[in-house]
Amino acid sequence: MTLKKNRIIAIDIARFYAIALVFFGHFVEELMLLKNPAGASLYKFIYSFHMILFAMLAGYVAKEDVVDWRLGEFIRRCFSNRLLPFIFLTLVMMIPPLFFEGKFFGLPLPSLVGYFRGAVLTVFGLPSFCVPSWFLLMIIGLEIVHYAAFRFLRHSNVRILIAILIFYVVGYWLNLKLDITAVRVTIK
């Protein structure tokens, strides 16, 4: 097996470790939900950085030519490569509740109210029928930010540092105001 000449082996290794951490994070999440204090500690530790690591790695290997695409081309590729698989996975995962009654991720399914509530949550970025597909939504968000911001940041380290500061402050403020990353687990 040969690697492409322009691959950065350290990035590939870091991506492997990041993927392993995602798997391990989901494993310890189950331990945390079983009220295991060690699982809760590991969960909080891994979830404090593993997605940030993915975003940094994605930014490091981002293709510069993407920002030269016309808006229509960018939207078409985002739809076909990310949004279409997300929609497909969501629709597939809406089928099992038709045959098995119960609460699926807090939704009373099968019921019109449950499906409606799940559809609204999904449209607003909280995929209620196929929870693991949130990753595709995150990638779309990163690609939109990259497409919009990279035009301004290209070829300027000072602009990149300013952007880092702005994104950090805005993200911190949003987290304070919207409480979007809170983990509410009590260990007894």
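Structural remarks
- Flag for PHE24 being aromatic (Phe, Trp, Tyr) and closer than 23 Å to TYR172 by Cβ: no
- Number of the exception - LYS35 against (1) within 18 Å of the chain's Cα centre (by Cα); (2) outside any helix (DSSP H, G or I): (1)
- If you check PHE54, PHE86, PHE74 for being touching an Asp or Glu at 6+ places or on another chain (Cβ under 9 Å), surrounded by 15 or more Cβ atoms within 10 Å (Cβ to Cβ), touching a residue at least 24 places away in the same chain (Cβ under 8 Å) and within 30 Å of ARG7 (Cα to Cα), only one passes: PHE74.
- Within segment 19-35, being surrounded by 15 or more Cβ atoms within 10 Å (Cβ to Cβ) and either aliphatic (A, V, I, L, M) or touching a residue at least 40 places away in the same chain (Cβ under 8 Å) (or both) holds for LEU21, VAL22, VAL28, LEU31, MET32.
- Selection from segment 36-46 of residues that are buried (at least 17 other Cβ atoms within 10 Å of the Cβ) and in contact (Cβ under 8 Å) with a residue 24 or more places away in the chain: ALA40, TYR43, ILE46
- Residue, nearest to LEU57 (Cα to Cα), within segment 127-162, restricted to residues that are at pLDDT 80 or above and not in a helix (DSSP H, G or I): SER156
- Which listed residue, of VAL169, VAL120, is of a type in the set (Val, Ile, Thr) and within 30 Å of ASP68 (Cβ to Cβ): VAL169
- Annotation: GLY114 fulfils all but one of (1) surrounded by 17 or more Cβ atoms within 10 Å (Cβ to Cβ); (2) more than 19 Å from ILE87 (Cα to Cα); the unmet one is (2).
The values are calculated or read from the model by the stated rules, or taken from the named source; none is laboratory data. Nothing here was measured: the structure is a model prediction, and the numbers come from that model. Because the Cβ atoms are built from the backbone with ideal geometry, glycine has one as well, and the counts that use them run over all protein chains shown.
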